[in-house]
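Just so you know, all these numbers are worked out from the coordinates, no wet-lab data involved. Predicted, not measured: the structure shown is a model, and the values here were computed from it. Quick reminder, even Gly has a Cβ in these numbers, built from the backbone with ideal geometry, and neighbours come from all protein chains shown.
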Amino acid sequence: MSLPILDAGHALLRPLAVSDASALHGAYTDPEVCRYLPRPVHARLEETEAAIARHIASGSNWAIVDATRGAEGDAIGEIGLFPGRWPAVLEVGILLARGAWGRGLAGAALNTVVAYGFGPLDAHRLFADVDPENAASLRLFEHAGFAREGLLRHTWRTHLGLRDSVILARLREP
């Protein structure tokens, strides 16, 4: 399935490509950006290329680009919708370079992908799995209308040790 370019206001979302790895490698090597991911920072560009290739293969993934740079601008983040366990249930994942934090780009991208998931992809449920200490991500999803549904204890073995997950979800409005 070919993904469209999505206009998120001050962010554009274009289909993620492995060629975005060089622009995103700085985010993948940043300990603050990667703190709550299940793996440590990347040491080599090849690790970032492989991760992006896996993301592309496993779902609908877009590069987040500052709209002032146009669709051909460098990726400053990525956002994806990944198949869940059940049909019409999708997991949302987002990563944004630290230099782009605090500009509203993550919220704009998330709201746009939510609309796409409930619209053309016909999902009835979108969810996110967030580390309980990741206050910024929790705020991001809650601000986008996701509700906390529960805490799963010790669901991830990461570079930080065993970690819990807060599950947040948003249901398609009737």
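Within the range 4-26, does at least one residue satisfy the condition of being crowded, with 17+ Cβ neighbours inside 10 Å, among the polar types (S, T, N, Q) and over 13 Å from the mean Cα position of the chain (by Cα)? Scanning the range 4-26, I find no residue that is crowded, with 17+ Cβ neighbours inside 10 Å, among the polar types (S, T, N, Q) and over 13 Å from the mean Cα position of the chain (by Cα), so the answer is no.
Pull up the range 29-76, narrow it to residues that are of a type in the set (Ser, Thr, Tyr) and under 19 Å from residue 129 (Cβ atoms), then point me to the one that is nearest to the chain's Cα centre (by Cα). Only one residue tops the list, namely 60.
When you check residue 145 against the structure, is it farther than 25 Å from residue 31 by Cβ and part of a strand (DSSP E or B), yes or no? When the stated conditions are applied, residue 145 does not pass them.
In the range 78-113, of all residues being under 11 Å from the mean Cα position of the chain (by Cα) and β-branched (Val, Ile, Thr), the one that is farthest from residue 135 (Cα to Cα) corresponds to 113.
Within the range 148-173, track down each residue that is closer than 20 Å to residue 31 by Cα and loosely packed, with under 12 Cβ neighbours inside 10 Å. Talk me through it step by step, then tell me what you get.
So the first thing to find is which residues in the range 148-173 are closer than 20 Å to residue 31 by Cα, and the list is 156-165.
Selection gives 157, 161, 162.
When the residues of the range 115-135 are filtered to those that are of a type in the set (Asp, Glu) and touching a residue at least 60 places away in the same chain (Cβ under 8 Å), the one that is surrounded by the most Cβ atoms within 10 Å (Cβ to Cβ) is 131.
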